[in-house]
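Participant: Please read through the structure below; I'll follow up with questions.
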Amino acid sequence: MDILEIAYIANPVLIILMAIGLGFFLIRRFTLGWRLFFIGGTAYLGAQMVSIILMGFIQNQIQALTPPLLAQVILTLLFVIILLSIEEGVRYAMYRWWAKNIRSWAEGLVLGAGHGGVEVILIGLMALTYFIQMYPLRHADLSTIFTADILVQATERVTKYWSNSWYNVLAEAVRSALTLPVQLSCSLLVLQVFIRQQYRWLGYAIGWHTLASIPLFFIDSNKYVYLPLVFLAIAALGSVWIILKLQPQQEQDT
């Protein structure tokens, strides 16, 4: 096993462990249960289901009315705005009807860790699944596995996968780690709707999440591996500032 194979195994393992580790740390730190973590994770899954349904409908409508290039730009912008509005809207619904007795800063962090943690865990599982599919193809005779009509495409895909550098592979783990503070900060921003009785905080959450995510949708991460990490690092620092800013004084003293 060479260093590239080790990186491909380490990447999803690190991604999954950091999500579970964050949840474990916060739960132990604030003496809370895993229920909040799973509630946050379920909210994320619900948001993704709604987004997939709506984006499929919107995509069909726009492509029928606009040229392909314009449709791509419009769809990308709509996808970011709608996806994150739904995500924060579902997070609001979670606080409003499911976790309606959850109103503390610490509980909001654990809910955010569950929301972002499930997202990251799914990314790790997909990376692991893809590696399991690609591993036996590395030194195989692809002509004996794929039919002629897809052989060229399959060869290009396998070659591209195994021509990657180990540090580029591990960049995905860094990217996943940097998204977690954003989820925690958005969880606390939505929580302010109920603490301060002001709906504008939901708008702040949507705006901040959109601002932190937009560069990732327009930057080709395959071509510019580290540029998205720069934007994510800035967003992560901003998120940490938001988290600390929203911490009540009484919880700072504990």
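Participant: Can you find, within the stretch 71-124, the residue that is nearest to the chain's Cα centre (by Cα) among those that are surrounded by fewer than 17 Cβ atoms within 10 Å (Cβ to Cβ) and of a type in the set (S, T, Y)?
Facilitator: Looking at the filtered set, the residue picked out is T76.
Participant: Under 8 Å by Cβ, and 6 or more places apart or on different chains, what pairs join a residue from the stretch 140-162 that is within 21 Å of L4 (Cβ to Cβ) with one that is of a type in the set (D, E, K, R)?
Facilitator: V158/R138; W162/R138
Participant: Is it true that A177 is without any contact (Cβ under 8 Å) to a residue 40 or more places away in the chain, closer than 17 Å to H115 by Cα and under 17 Å from the mean Cα position of the chain (by Cα)?
Facilitator: Details: without any contact (Cβ under 8 Å) to a residue 40 or more places away in the chain: no; closer than 17 Å to H115 by Cα: yes; under 17 Å from the mean Cα position of the chain (by Cα): yes.
The answer is no for A177.
Participant: Which ones in the stretch 1-60 are in contact (Cβ under 8 Å) with a residue 24 or more places away in the chain and of a type in the set (D, E)?
Facilitator: If the condition is that a residue be in contact (Cβ under 8 Å) with a residue 24 or more places away in the chain and of a type in the set (D, E), then E5 is the only one that fits.
Participant: Also, quick follow-up: Which numbered condition in (1) at pLDDT below 95; (2) part of a helix (DSSP H, G or I); (3) over 27 Å from L75 (Cβ atoms) is the only one that V193 fails?
Facilitator: Against the list (1) at pLDDT below 95; (2) part of a helix (DSSP H, G or I); (3) over 27 Å from L75 (Cβ atoms), V193 comes up short only on (1).
Participant: Sticking with this one: Which of the residues spanning the stretch 135-149 are in a helix (DSSP H, G or I) and either within 27 Å of I9 (Cβ to Cβ) or not hydrophobic (A, V, I, L, M, F, W, C) (or both)? Give the derivation first.
Facilitator: Of the stretch 135-149, the ones in a helix (DSSP H, G or I) are 135-137, 142-144, 148-149.
Answer for the stretch 135-149, where residues must be in a helix (DSSP H, G or I) and either within 27 Å of I9 (Cβ to Cβ) or not hydrophobic (A, V, I, L, M, F, W, C) (or both): Y135, P136, L137, L142, S143, T144, D149.
Participant: What pairs come up if the first residue lies in the stretch 101-128 and is under 16 Å from W34 (Cα atoms) and of a type in the set (D, E, K, R), the second is modelled with pLDDT of 95 or more and crowded, with 24+ Cβ neighbours inside 10 Å, and their beta carbons are under 9 Å apart, counting only those six or more places apart or on different chains?
Facilitator: E107/L36; E107/L191
Participant: Restricting the first residue to the stretch 211-233 and requiring it to be more than 16 Å from P181 (Cα to Cα), which pairs with a second residue that is among the small types (G, A, S) meet a Cβ separation below 7 Å and a spacing of at least six or different chains?
Facilitator: Pairs that qualify, where the first residue is more than 16 Å from P181 (Cα to Cα) and the partner is among the small types (G, A, S), are V225/A171; Y226/A171.
Participant: Can we say F146 is modelled with pLDDT under 95, of a type in the set (F, W, Y) and more than 23 Å from the chain's Cα centre (by Cα)?
Facilitator: yes
Participant: For G89, only one of the following conditions fails: (1) of a type in the set (G, A, S); (2) at pLDDT 90 or above; (3) in contact with a helix residue (DSSP H, G or I) (Cβ under 6 Å, 6 or more places away or on another chain). What is its number?
Facilitator: Of everything listed in (1) of a type in the set (G, A, S); (2) at pLDDT 90 or above; (3) in contact with a helix residue (DSSP H, G or I) (Cβ under 6 Å, 6 or more places away or on another chain), G89 misses just condition (3).
Participant: Here's another thing I want to ask about it. For the stretch 196-213, how many residues meet the condition of being out of contact with any Asp or Glu (no Cβ under 7 Å at 6 or more places or on another chain), crowded, with 17+ Cβ neighbours inside 10 Å and either part of a loop (DSSP other than H, G, I, E, B) or among the aliphatic types (A, V, I, L, M) (or both)?
Facilitator: Summing the residues that are out of contact with any Asp or Glu (no Cβ under 7 Å at 6 or more places or on another chain), crowded, with 17+ Cβ neighbours inside 10 Å and either part of a loop (DSSP other than H, G, I, E, B) or among the aliphatic types (A, V, I, L, M) (or both) in the stretch 196-213 gives 1.
The values are calculated or read from the model by the stated rules, or taken from the named source; none is laboratory data. Bear in mind the structure is a predicted one, so any value in this text is a computation, not a measurement. Cβ sites come from the backbone with ideal geometry, for glycine too, and all protein chains shown count toward neighbours.
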